[in-house]
Amino acid sequence: MLGKSSAKAEASQAVVLTREQHSISRKDMSENALKVLYRLNNNGFKGYLVGGCVRDMLLGLKPKDFDVVTDATPEQVKELFRNCRIVGRRFRLAHVMFGREVIEVATFRGHHASTEAAEKVAKQPKSKFNPNDKANLSAHSEDGQILRDNTFGSIEEDAERRDFDVNAMYYDIADFSIHDFAGGIEAIKNKTISLIGDPETRYREDPVRMLRAVRFSAKLDMSIGKETAEIIPSLASLLANIPAARMFEEVNKLFLSGNALKTFRLLLEYQLFDQLFPQLMPLLQDQTSREFRLLEQLFINTDNRINNDLRVTPAYLYAALLWYPLETRAQQLSVEGGMNMHDAFLLASNDVLGAQVKRIMIPKRFSIAMREIWQLQTRLPKRFGRRAYQQLELPRFRAGYDFLSLRAEIEGGDLAELADWWTEFQQGTPDSRKDMLAKLQKAQGGFKKRRRPRTRPKNKS
Ligand code: ATP
Ligand code: MG
């Protein structure tokens, strides 16, 4: 937590908390991140931790990762670390690898339009950075969206380019102080996050910031500042301009970080959910509907799993999210198109997935698994004879059964009986399983006896 704040403002208007004035300790930091910071510092460069990790440590949360910023260019960072590679086009960064841990080292970003800072960096000894190379600089779309962003700058400029006040705090390895450029400390005290600068401009530059506002609000249990919040619904449609592959990453963070239920409610409140899952929205008008309740229960279960360190997969999440649009579409195809249910279901799967990937690119390995989870919903009712045993062996059985149980919880009736049956069957002994199948057969009037085909020709009289 924060210490007594007798913080003083710097000329650059940063509030500086000295080592004694805050509670962030090197014990809570990644050893590898510290190694990177020390080496930068020992070689005459600046080294700071920045963003989410500083924010989370101040809040007493465990950071997901530790991001470093420096005044060294990516090339200069590469010269200092053998285990380093330069990545990214939109943002050029150095990745320093330590086994499975990757420490991201970014160079201070400058203002998009200015090349001054870039020239300054280029003039540094050993710099291979060429400020006249346009590929290194920045670019905007007509909507004001930032397309490329490789202008280097000072720490003050870097701070201005960050999204939220709570994300623009820097921990300086030189003296262990925290530099707060945008009122992050106050924001934490007031439990309110706000965008840095003019909200409309900042959302237009990068519409994903609307999703980030919601995600941080849910994760940090903070509200969103008035101006930052109220403009979101009117700009929500800008999310359509975000590449579908980036959307997949962002949506995973929204729903697979342990705060899915809260996030879902905020996404609805700010009219963002519509942008992510347009096919679902017509089904969610009534909050007591089975469609709405299934989503809420899905998010409750997902949060529970994550908070108990159980595995979650985007395949299950998306299969569940899109189940009712799929069912609706399949019924439509069968009633209006006169298709049998099997074909209607397959075609509907294509339609629903095809429409969804325009917004959110679901990688093939997940969409294949989604189809399998869906197919199991139509296969699990079929249990006669060897089928029940064969289903148990299917690679996606567990996910299919879990989803059946979720549907059963919401819909009850026959589905609840079916889910209970599968629960018991999985836990059964070989004998009890045989009994279950025999009972099932009896209840359904047994197998129909097949007529033996005639083998002998009729007697001619
Ligand atoms: P978490 O890792 O918990 O999701 P984070 O704040 O670390 O949260 P990252 O996506 O890891 O989020 O980004 C690291 C930092 O980079 C942020 O804290 C912020 O300062 C900056 N940043 C990330 N994305 C944006 C963006 N779209 N616009 C402006 N700044 C951003
Ligand atoms: Mg992070």
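The values are calculated or read from the model by the stated rules, or taken from the named source; none is laboratory data. The structure displayed is predicted, hence computed values, not measured ones. Note that we place each Cβ from the backbone using ideal geometry, even for glycine, and neighbour counts take in every protein chain shown. We work out accessible area using only protein heavy atoms, side chains counted, and drop any ligands, DNA or RNA first. Shrake-Rupley method; radii C 1.70, N 1.55, O 1.52, S 1.80 Å.
Structure notes:
- The overall shape of the chain, judged from the alpha-carbon gyration tensor, is prolate: a/c is not under 1.5, and a/b is greater than b/c.
- Amide H contacts under 5 Å for D65, placed H, 5+ residues apart: none
- In degrees, nearest ten, helix 397-411 long axis to first principal axis of the chain (Cα): 80
- 32 Å Cα-Cα threshold exceeded, pairs from K226/K253; K46/K189; K226/K364; K46/K262; K191/K364: K226/K364; K46/K262; K191/K364
- For segment 427-442, Karplus couplings with θ = phi - 60° (6.51, -1.76, 1.60), whole Hz, Gly/Pro x: 7, x, 8, x, 5, 5, 5, 4, 4, 4, 5, 5, 4, 4, 4, 5
- Backbone HN-Hα couplings from phi across segment 239-246 [Karplus 6.51/-1.76/1.60, Hz, Gly and Pro as x]: 4, 4, 7, 7, x, 4, 5, 5
- Sequence of K191, K219 from largest to smallest accessible area, 1.4 Å probe: K191, K219
- Mean accessible surface per residue for segment 68-107, computed with a 1.4 Å probe while every protein chain stays in place, in Å²: 48
- Inter-label distance, nm, simple model (7 Å from Cα along the C-beta direction), E424/Q271: 5.1
- Cα pair count fraction exceeding 27 Å, expressed as % - segment 296-443: 27
- Under 5 Å, built H, 5+ apart or other chain: amide partners of M169: G51
- Shown in residue order for segment 309-322 are the 3J(HN,Hα) couplings computed by the Karplus curve 6.51 cos²θ - 1.76 cosθ + 1.60 at θ = phi - 60°: 6, 8, 6, 10, 10, x, 4, 5, 4, 5, 4, 5, 4, 9 Hz (x for Gly and Pro).
- Between K364 and T288, residue separation times 0.36 nm minus the direct Cα-Cα distance comes to 24.0 nm.
- In segment 182-299, the portion of solvent-accessible area held by carbon and sulfur atoms comes to 47 percent [1.4 Å probe, whole percent, DNA, RNA and ligands not counted].
- Over all pairs of different C-alpha atoms in segment 161-284, the reciprocal of the mean inverse distance, the Kirkwood hydrodynamic radius, equals 15.2 Å.
- Difference of contour (0.36 nm per residue) and Cα-Cα distance, R387 to D175: 69.5 nm
- With both labels modelled 7 Å from their Cα along Cα-to-Cβ, the R100 to N43 distance reads 2.8 nm.
- Between S432 and Q13, the distance separating the two model label sites (each 7 Å from Cα on the Cα→Cβ line) works out to 6.9 nm.
- Segment 220-264 and segment 181-211 have Cα centres lying 13 Å from one another.
- Distance from the C-alpha centroid of segment 344-396 to that of segment 24-89: 43 Å, rounded to the whole angstrom.
- Folded to 0 to 90 degrees: helix 208-220 orientation relative to the chain principal axis, Cα: 90
- Subtracting the Cα-Cα distance of S234 and E200 from 0.36 nm times their residue separation leaves 11.3 nm of extension gain.
- At an R0 of 41 angstrom, the distance between the Cβ atoms of L347 and R89 translates into a FRET efficiency of 0.60.
- Protein heavy-atom accessible surface, 1.4 Å probe, per residue over segment 270-353: 47 Å².
- Theoretical FRET efficiency, 1/(1+(r/R0)^6), r = Cβ-Cβ of D414 and R311, R0 30 Å, to 0.05: 0.50
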